[in-house]
């Protein structure tokens, strides 16, 4: 199984979590994050990407996480296409020896996905469509990792 997947199909969170530490007696922690399409005024979200380039960017984010923490398992799945409120967009999961590293690595990967992964997101609302960029809070969250600290 590849560490990175960009796909239109949904994924099974339980299966993904189990696979992170399967047959690894040294894994002591698994942390995961699942992002969902928010509802409210958003009727749908369409995610586009550039095949090949996007997968490479995700692989580079994973490589950066591996350089910071001793990851025993890692999996990033990002969906593309038209998604409705409540549907899963992204899965990030890591297995490590200790919980602190698992939480930090999972958060790092997600912060970098929000700000550095080449996806184009368009929300459909009752007043029309609008393109969505990373928010200021996403940028601030990602910047804290550049100081070299391990929050």
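Annotations for the structure displayed:
- Cα gyration tensor shape for the stretch 32-77, rounded if a/c is under 1.5, else prolate or oblate: oblate
- Highest mean packing comes first when the peptides 81-94, 101-114 are listed by Cβ atoms within 10 Å, giving 101-114, 81-94.
- Degrees separating the helix 53-68 axis from the principal Cα axis of the chain, which is the longest one: 30
- Principal-axis tilt of helix 99-116 within the chain, Cα atoms, nearest 10 degrees: 30
- Length-normalised contact order of the stretch 4-147 in % [C-alpha pairs under 8 Å, at least 6 apart]: 32
- Fraction of the pair-distance distribution of the chain above 21 Å, Cα-Cα pairs, percent: 45
- Ranked packing of 120-129, 57-66, most packed first, by mean Cβ within 10 Å: 57-66, 120-129
Where a number appears in this text, it was derived from the coordinates with a stated rule and is not lab data. All values derive from a computational prediction rather than experimental measurement. A quick note on method: Cβ atoms are made from the backbone with ideal geometry, for glycine too, and the neighbour counts reach across all protein chains shown.
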